[in-house]
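Okay, structure first, notes after.
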Amino acid sequence: MRFRVILFDLDGTLIDSGPIIVASMRHASVTVLGQEPDEDRVKAAIGGQGLIAQMRDLDPDRVEELIEVYRAHNEPLHATLEAFDGIPELLVELDRRGHQLGIVTAKRVATVELAFARLPFLRELTDVLVGAEDTERHKPDPDPVLEALRRIGARPEEAVYVGDSPFDIQAGNAAGAYSIAVGWGGIHPDERLLAENPNVLVQHPEEILGLV
């Protein structure tokens with residue numbers, strides 16, 4: 001076993017949630033501000049500092065209202081969530097091989113629970129979960145990754161962080177973990193990921209099995 005601990009981002013890495021995030025951001029902007037958001041700018045920020053920072057970027061004076069409208073639209077959509085093809089099989093095999101698995105995400109834990117309710121295998125196979133409220137600083141800062149490693153009792157050199165955003169790669173690299181960028185998220189282009197110097201970029205979940 002090359003790495004004992006495999007940590008994953010959630011949105012765009014394990015679950016195909018990009019479309020519902022973008023739809024809810026658009027709904028919040030149109031409802032509260034009366035204007036269409038810049039979709040490319042919205043997508044570019046997904047996976048980073050979190051929802052508060054994204055809403056502050058839309059309008060710093062109406063953050064709370066934007067968040068309230070976003071969540072009211074977004075949370076019911078979790079009932080439609082699906083995992084990416086190959087993810088259930090990947091996690092089951094990693095677990096079978098004896099790896100410890102974790103999720104490090106910018107989502108609140110309560111929102112992660114909605115994904116767990118829809119996709120129970122995620123809850124069953126997750127040994128550690130770090131959400132937005134668990135650290136003061138967020139990706140691309142390494143603190144969320146380091147907090148997951150602290151909780152699970154592992155050193156950075158024993159761990160991999162897998163993610164679909166440039167912020168994931170920055171956080172994994174800064175934490176001293178092995179960083180795997182994934183190209184199936186549909187949110188961030190490959191060239192944006194490669195610009196952050198991941199250890200490797202993969203295009204299918206099964207490729208990870210040969211790396212860890």
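Which numbered condition trips up Ile67, out of (1) without any contact (Cβ under 8 Å) to a residue 60 or more places away in the chain; (2) touching a helix residue (DSSP H, G or I) at 6+ places or on another chain (Cβ under 7 Å); (3) closer than 21 Å to Gly186 by Cβ?
Status for Ile67: all satisfied but (3).
State the number of residues belonging to the stretch 95-130 that are of a type outside the set (Val, Ile, Thr), farther than 12 Å from Phe8 by Cα and open to solvent by less than 50 Å² (accessible area, probe 1.4 Å).
So the answer is 7.
Name the single residue, out of those in the stretch 193-212 being out of contact with any Leu (no Cβ under 8 Å at 6 or more places or on another chain) and touching a residue at least 40 places away in the same chain (Cβ under 8 Å), that is most open to solvent (accessible area, probe 1.4 Å).
Step one: filter the stretch 193-212 for residues out of contact with any Leu (no Cβ under 8 Å at 6 or more places or on another chain), giving 195-199, 203-204, 207, 210-211.
Next, only the ones that are touching a residue at least 40 places away in the same chain (Cβ under 8 Å) stay: 204, 211.
Values: His204: 74, Leu211: 37 Å².
Applying the filter and picking the extreme gives His204.
Specify which of the listed residues (Ala175, Ala154) is without any contact (Cβ under 8 Å) to a residue 60 or more places away in the chain and buried (at least 19 other Cβ atoms within 10 Å of the Cβ). Let's see the steps before the verdict.
Numbers: Ala154 fails: without any contact (Cβ under 8 Å) to a residue 60 or more places away in the chain.
Ala175 is the lone residue from the list that is without any contact (Cβ under 8 Å) to a residue 60 or more places away in the chain and buried (at least 19 other Cβ atoms within 10 Å of the Cβ).
Can you tell me which condition Ala44 does not meet? The list is (1) outside any helix (DSSP H, G or I); (2) under 14 Å from the mean Cα position of the chain (by Cα), and all the others hold.
With respect to (1) outside any helix (DSSP H, G or I); (2) under 14 Å from the mean Cα position of the chain (by Cα), Ala44 is out only on (1).
It is to be established whether one or more residues within the stretch 7-20 are more than 12 Å from the chain's Cα centre (by Cα) and of a type outside the set (A, V, I, L, M).
Among the residues of the stretch 7-20, at least one is more than 12 Å from the chain's Cα centre (by Cα) and of a type outside the set (A, V, I, L, M), which makes the answer yes.
Is there any pair linking a residue in the stretch 107-130 that is without any contact (Cβ under 8 Å) to a residue 12 or more places away in the chain to one that is surrounded by fewer than 17 Cβ atoms within 10 Å (Cβ to Cβ), with Cβ under 6 Å and at least six apart or on different chains, and which?
Correct list of pairs: Phe116/Arg123.
Only one of Ala106, Ala110 is among the aliphatic types (A, V, I, L, M) and more than 24 Å from Ser179 (Cβ to Cβ); which?
Details: Ala106 fails: more than 24 Å from Ser179 (Cβ to Cβ).
Result of the check over Ala106, Ala110: Ala110.
The values are calculated or read from the model by the stated rules, or taken from the named source; none is laboratory data. If you're wondering where the values come from, they're calculated on a predicted model, not measured in any experiment. Ideal geometry is used to build each Cβ from the backbone, glycine not excepted, and the neighbour counts take in all protein chains shown. Heavy atoms of the whole protein, side chains included, go into the accessibility calculation; ligands, DNA and RNA do not. Shrake-Rupley method; radii C 1.70, N 1.55, O 1.52, S 1.80 Å.
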